[in-house]
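What follows is calculated from the coordinates using simple rules that are stated; it is not laboratory data. For clarity, every value in this text was computed on a predicted model and none was experimentally measured. So basically every Cβ, Gly included, is an ideal-geometry build from the backbone, and we count neighbours across all protein chains shown.
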Amino acid sequence: MLIDELYNIILNDLEKEAINKFESKEAYINWNQEIYEKHGYKAYGLRVPEIDKIVKKYINQFKDLSFDKRIELSRKFYKSDYIAQTSFGLKLLEISISQLKPKNFEILNEFLEYITNWGPTDSFSLYIMQPLLRRYTNEVKRLLEKWNISDYLWKKRASVVTFTRRIGTEGEFVDFLLKLCDNLMWDKEDLVRKAVGWALKDNMVGKNKEKVLNYVKELREMGVSSTITLYAIRKLKGKEREEILRIKPIK
């Protein structure tokens, strides 16, 4: 089956499922257009479990594709204006993780440039960049450093979200993360600042808690956005939290 044909079959499944949730096809199209005009992306009105159900339907077909064909199909999903389609693109990349090597990393850079929302950015960071970071640590670090100083919001966010959750709680990359945070502490984008706070929060749980804690204290003294510091101390309680909240910017 040709990639274009498979892509169109999947789109047909998504649209059928979407139309079933509205009174008519016209009602769905009108709603979709309103979403696009308001938010800059298109939607199907489907919940994540509903989308995941359709993704699972095609898993075996995705696995049967060659690496190059998977990338070709994934690219189509990521280039779409529909955020839901990135779930299919992501699954194709996940299946291809063992074949994604440093020589292919331009693909990662390209695909991230197609993303226009925090959800797909975070999924990309957690399910693609984290496993690659473990496998090709130095090469991925160099890529994240480039994203970290990019003008593109989602590249900046991805550079630090990659160090959240399990990677963060293990605390292996704290020193590197703090350097990335240094570059973003004054960023004007709220979703970048929240990502910095999230990464600090998760790394504060790890073996380098004291180092991260002291870093957050320094941020408070410097007067960086409370979006970062309050997010970073979400899990702190009692005296530790109160001590940080008492810190005022040094004039």
Under a no-solvent Debye model with one identical scatterer per Cα of the chain, what's log10 I(q)/I(0) at q = 0.09, 0.12, 0.13 Å⁻¹? -0.47, -0.77, -0.87
Trypsin sites (Lys or Arg not before Pro) lying in DSSP loop within the range 12-62, provided at most 12 other Cβ fall within 10 Å: R47
Full extension from E218 to E15: what is 0.36 nm times the residue separation minus their Cα-Cα distance, to one decimal in nm? 68.0 nm
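Shape call for the range 77-214 from the C-alpha gyration tensor, a ≥ b ≥ c root eigenvalues: rounded (a/c under 1.5), prolate (a/b greater than b/c) or oblate?
It is prolate, given that a/c is not under 1.5 and a/b is the larger ratio.
Rounded to the nearest 20 debye, what is the charge dipole size of the chain about its Cα centre when +1 sits on each Lys and Arg Cβ and -1 on each Asp and Glu Cβ?
Charge dipole of the chain: 1060 debye, to the nearest 20.
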Quick one: compute the contact order of the range 1-99, relative version, from alpha carbon pairs under 8 angstrom and 6+ residues apart, as a percent. 27 percent
Distance from the range 186-229 to the range 134-163 (C-alpha centre basis), Å: 17 Å
GluC sites (Glu not before Pro) within the range 13-87: DSSP coil, no more than 13 neighbouring Cβ in 10 Å: E23
Taking W186, W198, W31, W154 and counting other beta carbon atoms within 10 angstrom, the fewest-first order is W186, W31, W198, W154
Candidate aspartates and glutamates for bridging to K57, where Cα separation is under 13 Å - those fewer than 8 sequence places away on the same chain excluded: D13
Determine the relative contact order of the chain: mean sequence separation of Cα pairs under 8 Å and six or more apart, normalised by residue count, in whole percent. 11 percent
Over 21 Å (Cα to Cα) among K91/K235; K209/K235; K156/K201; K103/K146; K207/K235; K25/K79 -> K91/K235; K25/K79
From phi via Karplus (6.51, -1.76, 1.60), per-residue ³J(HN,Hα) for the range 125-138 in Hz, x at Gly/Pro: 5, 7, 9, 10, 6, 4, x, 5, 4, 5, 7, 10, 3, 5
So if R0 is 25 Å, what FRET efficiency would E113 and D52 give, r being the distance between their Cβ atoms, rounded to the nearest 0.05? 0.50
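Let me have the 222 nm mean residue ellipticity of the chain computed from DSSP H runs of 4+ only, each contributing -39500 (n - 2.57), with the sum over all residues rounded to the nearest 500.
Value at 222 nm, helices only, nearest 500: -20500 deg cm²/dmol.
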What's the ranking of 89-97, 164-172, 61-69, 138-146 by average number of surrounding C-beta atoms within 10 Å, highest first? 89-97, 164-172, 138-146, 61-69
